[in-house]
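See below for the structure under consideration.
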Amino acid sequence: SAKMVRICCLGAGYVGGPTMAVIALKCPSIEVVVVDISTARISAWNSDQLPIYEPGLDDVVKQCRGRNLFFSSDVEKHISEADIIFVSVNTPTKTRGLGAGKAADLTYWESAARTIADVAKSDKIVVEKSTVPVKTAEAIEKILKHNSKGIKFEILSNPEFLAEGTAINDLFNPDRVLLGGRETPEGQKAVQALKDVYAHWVPVDRIITTNLWSAELSKLAANAFLAQRISSVNAMSALCEATGADVTEVAYAVGRDSRIGPRFLNASVGFGGSCFQKDILNLVYICECNGLPEVAHYWKQVIKVNDYQKSRFVNRVVSSMFNTVSGKKIAVLGFAFKKDTGDTRETPAIDVCKGLLGDKAAISIYDPQVTEDQIQRDLAMNKFDWDHPIHLQPMSPTAVKKQVTVTWDAYEATKGAHGVCILTEWDEFKVLDYQRIYDNMEKPAFVFDGRNIVDAEKLRKIGFIQGLAMVVREEKACSLSVLRLCCTVAMDSQAHELEVD
Ligand code: NAD
Ligand code: UDX
């Protein structure tokens, strides 16, 4: 038929916004409206200052906003007009009640489904874009069918695999698009309709179709496998430090095995982001509910190693700095959970900063995309403790304000600092004038590279001295293998006395 396809997406967040913008760009014949219950978010999408930072996003939005891409707060109108409804609302970890700390909180999803059921006046394809527990489609179907007045709903699972910071490129060139649907003629027809949308730009051999449960579970499985690689290499980094192996060399040697591959093997201060921890906890809970405690335990360990890595980093900082950071200024470079995003959800920087604050450090933070307000909120927030090894006193917002300053410049943040912690791998941190930073720091000046991005050799050449004597004496092979955690310690003569002592 010549009728224009209309898409409505519930949820204008990190997934809904970029995904719909790319659909609109690639499918000029389709009208796409993104709606959200947050009016502030919708106005930001309609302004010059988009609510999220994502390289390439501005350009895509500029090309199609007002043409076939719209952002609106009128949820009901656009649901009722759409043929295909994507649901891309948040599905965080439940913080109370049954399954608290592990199960996915489907409140937003359920409320979205009820709105759809209430306002729909014609048949709809409802697409699960949010990451949900396997079997969610069954529950959603019940809500929709129970409330519908003879209207047919077909549910599809179309999990999103984009990563923040590379969202636009991931959406332009996806490794695969996954579509799950009912194995009925109506279900298959709906799958085909959604396939036609993606086929505008995705090669058909990259569009995988499965049953609903496989699609739902594959998303949790993919995130679990990815996070597992990071926890595996981070666990190796601890062993490297104990033995004198260099984790970068080990990761390279291991990754050269074509069965293993080189990607996602960077040792780090730990993984963050809104997805990995949430989705693995969700998987753990599903395993428990299915009477599979051993499997649950296996996946839980991936998160435990991640928490261990963050506390190990804090311990390393404190022990290297003569067992106390009390009253010392420590500069934190990077607060976002990865480069090229301003997102701080579950960023390892939160736990690391809280650990340092617990030891009474004065911290000065610089991140090119994270606002002071966000940082203060993150550090004052009392996070739900799923099973946390880092036991921390909750801090009041005023206490946080006293101990934490946020700057808009790396040089300002590091001025007068005793140590620098690099917690996000922003490209600009690779090309800082480390001579200038060194000159303005207290001595001995420490750098703790939680992302393995600084060129330790270069830093030594411009004046930083590798703290072999001091650090290695205490902890044998701290040098470059410590996720290069520590690694560059600069000393002036005064400090040298201290060290020889
Ligand atoms: P987000 O918090 O950035 O966005 C969700 C949006 O949904 C919010 O703006 C919220 O106001 C809105 N919303 C909530 N209830 C609503 C309702 N009933 N009607 C309309 N809007 C509503 O979350 P996100 O990062 O975009 O993630 C969304 C989903 O996608 C989650 O399930 C997540 O697990 C999954 N996912 C996220 C990523 C990622 O990298 N962020 C990647 C893949 C999948
Ligand atoms: C992840 C998945 O990659 C994506 O497919 C899914 O759709 C959503 O969750 P995201 O959380 O945006 O994406 O970022 P990702 O690039 O996966 O990084 C997650 C965390 O792991 C970051 O904190 C990152 O710094 C860390 N990481 C990644 C490492 O520590 N080492 C690595 O080798 C790779």
Practice item. Starting from segment 145-160, keep only residues that are acidic (Asp, Glu), then list their pairs with residues that are within 16 Å of ligand 2 (Cβ to nearest atom) whose Cβ atoms are within a distance under 7 Å, requiring at least 6 positions of separation or different chains. Key: Glu160/Val15; Glu160/Thr19; Glu160/Lys129
Point to revise | Close pairs (9 angstrom Cβ cut-off, 6 or more residues apart or separate chains): within 14 Å of Thr91 (Cβ to Cβ) and among the hydroxyl-bearing types (Ser, Thr, Tyr) in segment 268-279, near ligand 2 (Cβ under 7 Å from one of its atoms) and at pLDDT 95 or above anywhere | key: Ser274/Glu164; Ser274/Phe337
Revision key, fill the gap. Residue set Lys121, Lys142; condition basic (Lys, Arg) and part of a loop (DSSP other than H, G, I, E, B); output residue Lys121
Review point. Going by the conditions given, is Ser88 more than 16 Å from Val32 (Cα to Cα) and either more than 16 Å from ligand 2 (Cβ to nearest atom) or touching a strand residue (DSSP E or B) at 6+ places or on another chain (Cβ under 7 Å) (or both)?
Key: no
Review point. Ala82: more than 10 Å from ligand 1 (Cβ to nearest atom) and either touching a residue at least 12 places away in the same chain (Cβ under 8 Å) or surrounded by fewer than 20 Cβ atoms within 10 Å (Cβ to Cβ) (or both), yes or no?
Key: yes
Review point. Looking only at segment 1-14, which residues are in contact (Cβ under 8 Å) with a residue 12 or more places away in the chain and out of contact with any strand residue (DSSP E or B) (no Cβ under 9 Å at 6 or more places or on another chain)?
Key: Gly13, Tyr14
Practice item. Count, please, the residues in segment 21-55 that happen to be in a helix (DSSP H, G or I) and either within 20 Å of Gln374 (Cα to Cα) or away from ligand 2 (no atom under 16 Å from the Cβ) (or both). Key: 12
Review point. Taking segment 83-100 as the search range and keeping residues that are touching a Lys or Arg at 6+ places or on another chain (Cβ under 7 Å) and at pLDDT below 95, which one is farthest from Asn158 (Cα to Cα)?
Key: Ala100
Study note, to complete from the structure: Restricting attention to segment 1-20, the residues that are assigned to a strand (DSSP E or B) and away from ligand 1 (no atom under 16 Å from the Cβ) number exactly 1
Review point. How about segment 179-256: which helices (runs of 4 or more DSSP H) wholly inside it have at least 3 residues that are over 25 Å from the mean Cα position of the chain (by Cα) and in the same structural domain as Phe153 (by TED's automatic domain parsing)?
Key: 185-198
Check your understanding: Within segment 134-148, how many residues turn out to be farther than 16 Å from Lys124 by Cβ and hydroxyl-bearing (Ser, Thr, Tyr)?
Key -> 1
Exercise for review: Go through (1) surrounded by 23 or more Cβ atoms within 10 Å (Cβ to Cβ); (2) more than 16 Å from ligand 2 (Cβ to nearest atom) and name the single condition Pro18 misses.
Suggested key: (2)
Revision key, fill the gap. Residue set Val295, Val314; condition surrounded by fewer than 19 Cβ atoms within 10 Å (Cβ to Cβ), more than 14 Å from ligand 2 (Cβ to nearest atom) and either more than 22 Å from the chain's Cα centre (by Cα) or assigned to a helix (DSSP H, G or I) (or both); output residue Val295
Check your understanding: If you go through segment 340-378 one residue at a time, how many are more than 18 Å from Val325 (Cβ to Cβ), crowded, with 20+ Cβ neighbours inside 10 Å and within 12 Å of ligand 2 (Cβ to nearest atom)?
Key -> 6
Revision key, fill the gap. For Ala336, the lone unmet condition from (1) among the aliphatic types (A, V, I, L, M); (2) assigned to a loop (DSSP other than H, G, I, E, B); (3) over 22 Å from the mean Cα position of the chain (by Cα) is (3)
Check your understanding: Could we say that Lys77 is in a loop (DSSP other than H, G, I, E, B), over 27 Å from Tyr285 (Cα atoms) and away from ligand 2 (no atom under 14 Å from the Cβ) here?
Key -> no
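Each row is one residue, and each column tells you yes or no for (1) among the hydroxyl-bearing types (Ser, Thr, Tyr); (2) touching a Phe, Trp or Tyr at 6+ places or on another chain (Cβ under 7 Å); (3) under 30 Å from Ser311 (Cβ atoms); (4) modelled with pLDDT under 95.
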site: Pro185; (1), (2), (3), (4): no, no, no, no
site: Ile230; (1), (2), (3), (4): no, yes, yes, no
site: Ala238; (1), (2), (3), (4): no, no, yes, yes
site: Gly255; (1), (2), (3), (4): no, no, yes, no
site: Gly261; (1), (2), (3), (4): no, no, yes, no
site: Gly273; (1), (2), (3), (4): no, yes, yes, no
Review point. If you check Ile52, Ile79, Ile42, which single one turns out to be farther than 25 Å from Arg345 by Cα and at pLDDT 95 or above?
Key: Ile79
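The values are calculated or read from the model by the stated rules, or taken from the named source; none is laboratory data. Nothing here was measured: the structure is a model prediction, and the numbers come from that model. A quick note on method: Cβ atoms are made from the backbone with ideal geometry, for glycine too, and the neighbour counts reach across all protein chains shown.
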